[in-house]
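Undergrad: Sharing a structure with you now.
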Amino acid sequence: MRIACPICGERDRREFYVKGAALERPVEGAGLEAWHAHVNLRANPAGVIAELWYHEMGCGSWLTVTRNTATHEVLKVELASESGLGGAA
Ligand SMILES: [Zn+2]
């Protein structure tokens, strides 16, 4: 699988560290149940999902990669800071 980093260009997936699903964080002041669900309860769908990937052996950017987990087709790659998902620094 190859991922087109917006900064480095197309690279092998082994250059990246995958963190998992890119989820919206609970709002400020959200209760324990909301944080528990955010941190621990993850769906594992066979289909299209947005994930956070870190370009560990490249530019060091956090990316939001939208891909189909059943086919491994990469549908979209963007900087996580621009996708509004995941909250990665
Ligand atoms: Zn990169």
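The values are calculated or read from the model by the stated rules, or taken from the named source; none is laboratory data. All figures in this text were calculated on a predicted structure; none of them were measured in a lab. Positions of Cβ are generated from backbone atoms using ideal geometry, with glycine treated the same way; all protein chains shown enter the neighbour counts. For the accessible areas, the whole protein counts, side chains as well, though only heavy atoms, and no ligand, DNA or RNA atoms are used. Shrake-Rupley method; radii C 1.70, N 1.55, O 1.52, S 1.80 Å.
Undergrad: Out of residues 5 or more away from Arg11 or on other chains, whose amide H comes under 5 Å of its own, with H placed 1.01 Å from N in the peptide plane?
TA: Ile3, Ala4, Cys5
Undergrad: Starting at the first residue of the range 32-40, write each ³J(HN,Hα) from the Karplus equation 6.51 cos²θ - 1.76 cosθ + 1.60 with θ = phi - 60°, in whole Hz, x for Gly and Pro.
TA: Those phi angles translate into 4, 4, 5, 6, 4, 5, 5, 7, 10 Hz.
Undergrad: I've got another one for you. Under 10 Å, Cα contacts only: if you run a Gaussian network model on the chain, which one of Val18, Val48, Val39 comes out with the highest mean-square fluctuation?
TA: The residue that fluctuates most here is Val39.
Undergrad: On to the next question. Counting other Cβ atoms within 10 Å of each Cβ, which trypsin sites (Lys or Arg not before Pro) in the range 7-61 have at most 14 and sit in a DSSP loop?
TA: Sparse-neighbourhood loop trypsin sites (Lys or Arg not before Pro): Arg42.
Undergrad: Return one whole number: the accessible area per residue of the chain in Å², for a 1.4 Å probe. Display every interim value, and only then the final one.
TA: On the way: 5710 Å² over 89 residues.
Each residue of the chain exposes 64 Å² on average to a 1.4 Å probe.
Undergrad: In a shell of Cβ-Cβ distance under 11 Å around Val48, excluding Val48 itself, what net charge do Lys and Arg (+1) and Asp and Glu (-1) give? List each step's numbers first, then the result.
TA: Numbers: positive: Arg67, Lys76; negative: Glu51, Glu73.
After counting each charged neighbour, the total is 0.
Undergrad: Quick one: length gained pulling Glu24 to Ala43 fully straight, 0.36 nm per residue minus the C-alpha distance?
TA: Using 0.36 nm per residue and subtracting the Cα-Cα distance, I get 5.5 nm.
Undergrad: Tell me the relative contact order for the chain as a rounded percent, counting alpha carbon contacts under 8 Å between residues six or more apart.
TA: Details: 160 pairs, mean separation 26.4, N = 89.
Taking the mean separation of contacting Cα pairs over the length of the chain, I get 30 percent.
Undergrad: Taking all protein chains as present, what is the carbon and sulfur share of the accessible area of the chain, in % to the nearest whole number, probe 1.4 Å?
TA: Numbers: 2870 of 5710 Å².
Carbon and sulfur atoms account for 50 percent of the accessible area of the chain.
Undergrad: Pull the list of the chain cysteines that no other Cys approaches to under 4.7 Å, Cβ to Cβ.
TA: Unpaired cysteines in the chain: Cys59.
Undergrad: Which Cα, out of Leu85, Leu63, Val27, lies furthest along the positive dipole direction of the chain (beta carbon charges, K/R +1, D/E -1)?
TA: So the residue we want is Leu63.
Undergrad: Cα gyration tensor of the range 33-89, axes a ≥ b ≥ c as square roots of the eigenvalues: rounded (a/c below 1.5), prolate (a/b > b/c) or oblate?
TA: Oblate.
Undergrad: Tell me which GluC sites (Glu not before Pro) from the chain have a DSSP coil assignment and no more than 15 other beta carbons within 10 Å of their own.
TA: Values: sites: Glu10, Glu15, Glu24, Glu28, Glu33, Glu51, Glu56, Glu73, Glu78, Glu82; in loops: Glu24, Glu28, Glu56, Glu73.
Those that pass, being in a loop and sparsely packed, are Glu24, Glu28, Glu56, Glu73.
Undergrad: What are the ³J(HN,Hα) couplings of the range 12-23, residue after residue, when phi is run through the Karplus curve with 6.51, -1.76, 1.60 and θ = phi - 60°? Round to Hz, x for glycine and proline.
TA: Each residue of the range 12-23 in turn: 5, 4, 6, 7, 10, 10, 9, 8, x, 4, 8, 10 Hz.
Undergrad: Charges only on Cβ, +1 for Lys and Arg, -1 for Asp and Glu: so what's the dipole of the chain about the Cα centre, in debye to the nearest 20? Walk me through the intermediate numbers first.
TA: On the way: 9 positive and 11 negative charges, 47 e Å.
Roughly 220 debye for the chain.
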